[in-house]
Amino acid sequence: MAIITEDLVASYNDFYTDSDVEWRMLGAKSKAKNLIEVCQGIQPKKILEVGAGDGSILHYLNEWKFGEELYALEIADSGVSLIRDRKLERLKEVNSFDGYTIPYADDSFDLVILAHVLEHVEHERILLRELKRVARYLVIEVPLDYRFGVDQRMKHFLNYGHINMYTPTLIRFLLQSEGLSVEADKTSLTPIETIKFCEYQVKKTPKSLFKTLRIELEYRIKNLLGAILGKNKREQFGNAYTVLTKKSTQNLEIF
């Protein structure tokens, strides 16, 4: 059972063979930092990343010595090959999977990572139940695509395979309704260096002092307002939401 369609898998293959390695690594670096930050209260030894892409997040987890054993599952065979080619010291195993069925026994991992995957998944709850089955802790990061006027950007998100949109409130509800309790969370802005790279290298926007100052000023204003006005404002401005969960004893599953 594929996550969406064969066309989406084909687009994954195109993504993973993209020569723009720097772009992927910039994004992965900030994601890995967010994941480690929300997990600072636990000390996971055995970690599985589901939907590991080309292994760029695993690269940083390995480099920063987060966890003792790393494992990976990826839907695209090309991604599996790229991950193996990295020859990461702490990576013990990488396999392809069908997008839903996790080929490991119950409670096999101290931590399971799902970073920028859930927005692509047709049947979110099926995947979440499988992740919950094999994990003591589950950490998820999703992009915060939803904004006023998002209707005008529908094609943009669909082109990237985003068929779900979340706010921090919506993702917390989804997780808690599946019997997961929130242990720690973080709302983050896209780093300045990533924004600049996107503008000047990906979008090919002509570089100018005015544009650079505007990017830096907007970032600093959002950071300042978030610090002054609190969590609700940070969640309103944020570009990504990272949340650490564990199995809840309250048994809140709705099905």
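The values are calculated or read from the model by the stated rules, or taken from the named source; none is laboratory data. A quick note: this is a predicted structure, and the numbers were derived from the prediction, not measured. Using ideal geometry, Cβ is built from the backbone for each residue, glycine included, and neighbour counts are taken over all protein chains shown. In case anyone asks, the SASA skips ligands and DNA or RNA and just uses the protein heavy atoms, side chains included. Shrake-Rupley method; radii C 1.70, N 1.55, O 1.52, S 1.80 Å.
For chymotrypsin sites (Phe, Trp or Tyr not before Pro), the sites in region 57-87 that DSSP calls loop and that have at most 16 other Cβ atoms within 10 Å are W64.
Using only the Cα atoms of region 69-186, build the gyration tensor, take square roots of its eigenvalues as a ≥ b ≥ c, and label the shape rounded, prolate or oblate: rounded if a/c is under 1.5, else prolate if a/b is larger than b/c, else oblate.
Working: a/c = 2.07, a/b = 1.33, b/c = 1.56.
Oblate shape, in that a/c is at least 1.5 and b/c is the bigger or equal ratio.
The solvent-accessible area of M165, taken with every protein chain present and a 1.4 Å probe, is close to 60 Å². The shape of region 173-255 comes out prolate: with a ≥ b ≥ c from the C-alpha gyration tensor, a/c is at least 1.5 and a/b beats b/c. Solvent-accessible surface (1.4 Å probe) assigned to E68 amounts to roughly 110 Å². Tell me, which longest segment in the chain has none of the trypsin sites (Lys or Arg not before Pro) that fall in DSSP loops with at most 13 further Cβ atoms within 10 Å? Longest gap between qualifying sites, sites excluded: 88-146.
How much area per residue is accessible in region 101-255 when the probe is 1.4 Å and only protein heavy atoms are counted (Å²)? It would help to have the intermediate numbers written out before the result.
Working: 8560 Å² over 155 residues.
Counting only protein heavy atoms, the per-residue value for region 101-255 is 55 Å².
The residues of region 27-89 have, on average, 43 Å² of accessible surface per residue, using a 1.4 Å probe with all protein chains present. For V94, the residues whose amide H sits under 5 Å from its own are A72, ignoring neighbours fewer than 5 places away on the same chain, with H placed 1.01 Å from N. The overall shape of region 44-117 is oblate: from the C-alpha gyration tensor, with semi-axes ordered a ≥ b ≥ c, the ratio a/c is 1.5 or greater and a/b is no larger than b/c. Using a probe radius of 1.4 angstrom, the carbon and sulfur fraction of the accessible surface of region 58-194 is 49%.
Summary of the geometry: region 79-141 and region 178-213, compared by the centres of their Cα atoms, lie 25 Å apart.
Could you pull out the pairs from K203/K246; K92/K246; K87/K204 whose alpha carbons sit more than 30 Å apart here?
Details: K203/K246 39 Å; K92/K246 24 Å; K87/K204 33 Å.
Beyond 30 Å between Cα atoms: K203/K246; K87/K204.
Just for the chain, what percent of DSSP beta bridges are antiparallel, to the closest 5? Display every interim value, and only then the final one.
Working: 15 of 34 bridges.
Rounded to the nearest five, the antiparallel share is 45 percent.
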